[in-house]
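Asker: Okay, here's the structure, questions in a sec.
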Amino acid sequence: MPKTPAPVDLVGPKGHSPSHRINPPDAVPARSGLAGGAAIFAPVAIVLAVGAIFISVYLAAFHAPRPHDLPVGVVGSEARAAQVRAQLPTDPADAFQVRALPDEASARSAIEHGDLFAAYIPGDGTPKLLYAGAHGPSVTSLVGETFGDVARAGGQRLDAVDVVPASPADTRGLVVFYTTFGLVLAGYLFGLMTYQLAPRITIGQRLASLATFGVLGGLVIAGIVRLGFDALPAPFFGIAGLVTLVAMAVGSSTMLLLRAFGVAGSSIGAVVFMTLGNATSGGSLPPEFLPAWLHPLSSVLPVGVGVRAVNGLAYLHNDGLVSGIAVLGAWTAVAAGLLYALDRNGGRSLGGARPQANS
């Protein structure tokens, strides 16, 4: 009589199934909890450090904002431009970057494409100032007062013309910032919650969730801004696409920080995206008003890149749109690639510890 085959053991060592060993969940590395004095003082130190960084960055950026190399134009010869430059404020010495322009048409075009913030047109009668109200009331007030003083010094009255006005529904010039930052905050929270609420799903499922969040978030924000309030003169799907890219860039990067550094990743993300990103976004003042050490971040971090792209899409002939898409796409691609690499590494963190799903 033939022997009955022995049952196949589908359970791996120590109760783990082969599928679990082959495709482990993309979980945040487990940490052994602190104890004793460290448990009491470590949270205090971390939170105070984050708070101190927040206050220091914002005070550095906004306690006394002054322009640095703010690009403006003067219609006329290089000699006329130099003459006007000599009449501009010298505190700070690099407040304005003055460019000579051949005629009013080129000055208007430069402002409409985001190359200049304003252009002064001298004249024997009434000098004219062209400016872009879409840059916000702070910039409008600055260039108006500055070139108004230049005109008054010659006994003339300045005629100011807004060639790129902001939306009538955006009286404070903050709609672009709120449109962008809303899903920066949501993307950060998504990165935290995906591990809190679903610690055992695979990297593929997690990235699918990220893409769903980004697309739906972009559509919702575009619906609110464009259809609900009609606050931006930009295409619905253009707004939705840019907001989606911002959300995915911040969401994927926050996921990577948590995946690589555990709980500490949330603090790093808060400093990078909420503090540095917000302060350098150009939402309330253009990056030209930032200190030199903060200015470069506006063209690297997702918030500033997104603000410029959305503003360019709405007002400035797509200024910053192509570079914004490239930078935001790079953030997402690099973060997703590193997350995948960690998953392929057998579920190990960057420190080498094998992650365990939270209960």
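Asker: Using a Förster distance of 25 Å, how high is the FRET efficiency between GLN196 and ALA39, based on the Cβ-Cβ distance and rounded to 0.05? Show your work: numbers first, answer last.
Answerer: Values: r = 21 Å, r/R0 = 0.82.
The value I calculate is 0.75.
Asker: Going by the alpha-carbon gyration tensor, a ≥ b ≥ c the square roots of its eigenvalues, is the range 34-100 rounded (a/c under 1.5) or, if a/c is not under 1.5, prolate (a/b greater than b/c) versus oblate? Mind dumping the intermediate values first?
Answerer: On the way: a/c = 8.36, a/b = 5.44, b/c = 1.54.
Prolate is the answer for the range 34-100, as a/c is 1.5 or above and a/b outweighs b/c.
Asker: As I understand it, the value is the acute angle between the Cα axis of helix 175-197 and the longest principal axis of the Cα atoms of the chain; what does it come to in degrees, rounded to 10?
Answerer: The helix 175-197 is inclined about 10 degrees to the chain.
Asker: What residue among ALA93, ALA333, ALA247 has the largest mean-square fluctuation in a Gaussian network model of the chain, using Cα springs under 10 Å?
Answerer: ALA93
Asker: Let me ask something else. Add -39500 (n - 2.57) for each DSSP H run of 4 or more in the chain, then divide by its residues: what number comes out at 222 nm, to the nearest 500 deg cm²/dmol?
Answerer: The helix-only estimate for the chain comes to -16500 deg cm²/dmol at 222 nm.
Asker: Another question, if that's okay. In degrees between 0 and 90, to the nearest 10, how far off the longest principal axis of the chain does helix 36-62 point, with axes built from Cα atoms?
Answerer: 20
Asker: Now a separate question. 5 Å is the cut-off here: which amide hydrogens, built 1.01 Å from N in the peptide plane, fall below it relative to GLY73, excluding neighbours closer than 5 in sequence?
Answerer: Amide H to amide H, under 5 Å and 5 or more residues apart or across chains, GLY73 pairs with ARG99, ALA118, ALA119, TYR120.
Asker: Which of MET255, MET193, MET274 ends up with the largest GNM mean-square fluctuation for the chain, with Cα atoms connected below 10 Å?
Answerer: Per the Cα network of the chain with a 10 Å cutoff, MET193 tops the list.
Asker: Now for a different question. Counting DSSP beta bridges with both partners in the range 60-202, what percentage is antiparallel, nearest 5?
Answerer: Numbers: 4 of 17 bridges.
Antiparallel bridges make up about 25 percent of those DSSP assigns within the range 60-202.
Asker: Using a probe radius of 1.4 Å on heavy atoms only, what accessible surface per residue do you get for the chain? Whole Å² is fine. Please list the in-between numbers first.
Answerer: On the way: 17740 Å² over 359 residues.
Ligands and nucleic acids excluded, the result is 49 Å² per residue.
Asker: Only one of the values (i) 224; (ii) 197; (iii) 177 was calculated from this structure for volume of the Cα convex hull per residue in Å³; name its label.
Answerer: Working out volume of the Cα convex hull per residue in Å³ from the coordinates points to (iii).
Asker: Okay, moving on. Around LYS128, which amide H atoms from residues at least 5 apart in sequence, or from another chain, sit under 5 Å from its own amide H, with H modelled in the peptide plane?
Answerer: ILE121, ASP159
Asker: Could you check the simple spin-label distance between ARG66 and SER106, using points 7 Å along Cα→Cβ, in nm with one decimal?
Answerer: In this crude label model, ARG66 to SER106 measures out at 3.1 nm.
Asker: Let me know the longest stretch in the chain that avoids all chymotrypsin sites (Phe, Trp or Tyr not before Pro) found in a DSSP loop with at most 14 other C-beta atoms within 10 Å. Kindly include the intermediate steps, with their values, before the conclusion.
Answerer: Numbers: sites that count: PHE229, TRP293.
That would be 1-228.
Asker: Further, regarding this structure: What translational diffusion coefficient, to the nearest whole µm²/s, does the range 71-196 have by Stokes-Einstein, given a Kirkwood radius computed over alpha-carbon pairs, a temperature of 20 °C and 1.002 mPa s viscosity?
Answerer: Numbers: Rh = 16.2 Å.
Answer, rounded: 132 µm²/s.
Asker: Check which residues have an amide H placed less than 5 Å from PHE96's amide H, if you skip close sequence neighbours.
Answerer: ASP69, LEU70
Asker: Any idea what angle helix 321-344 forms with the longest principal axis of the chain, computed on alpha-carbon atoms, 0 to 90 degrees, nearest 10?
Answerer: Tilt of helix 321-344: around 20 degrees.
Asker: In addition: Given the Cα-Cα distance of LEU174 and ASP94 and 0.36 nm per residue of separation, how much length would full extension add, in nm? Mind dumping the intermediate values first?
Answerer: Working: separation 80, 0.36 × 80 = 28.80 nm, distance 2.65 nm.
Extra length from LEU174 to ASP94 when fully extended: 26.1 nm.
Asker: Nearest 5 is fine: what % of DSSP beta bridges in the chain come out antiparallel, could you say? Don't skip to the answer; put the middle values down first.
Answerer: Details: 4 of 17 bridges.
In the chain, DSSP labels about 25 percent of beta bridges as antiparallel.
Asker: Carbon and sulfur atoms: what percent of the 1.4 Å accessible area of the chain do they account for?
Answerer: Carbon and sulfur: 64 percent of the exposed surface of the chain.
Asker: Looking at the range 21-138, what % of its DSSP beta bridges pair antiparallel, to the nearest 5? Could you put the intermediate results ahead of the total?
Answerer: Values: 4 of 13 bridges.
Expressed as a percentage, antiparallel bridges in the range 21-138 total about 30.
The values are calculated or read from the model by the stated rules, or taken from the named source; none is laboratory data. Only a predicted model underlies this, so the values are computations on that prediction, with no experimental measurement involved. Because the Cβ atoms are built from the backbone with ideal geometry, glycine has one as well, and the counts that use them run over all protein chains shown. For the accessible areas, the whole protein counts, side chains as well, though only heavy atoms, and no ligand, DNA or RNA atoms are used. Shrake-Rupley method; radii C 1.70, N 1.55, O 1.52, S 1.80 Å.
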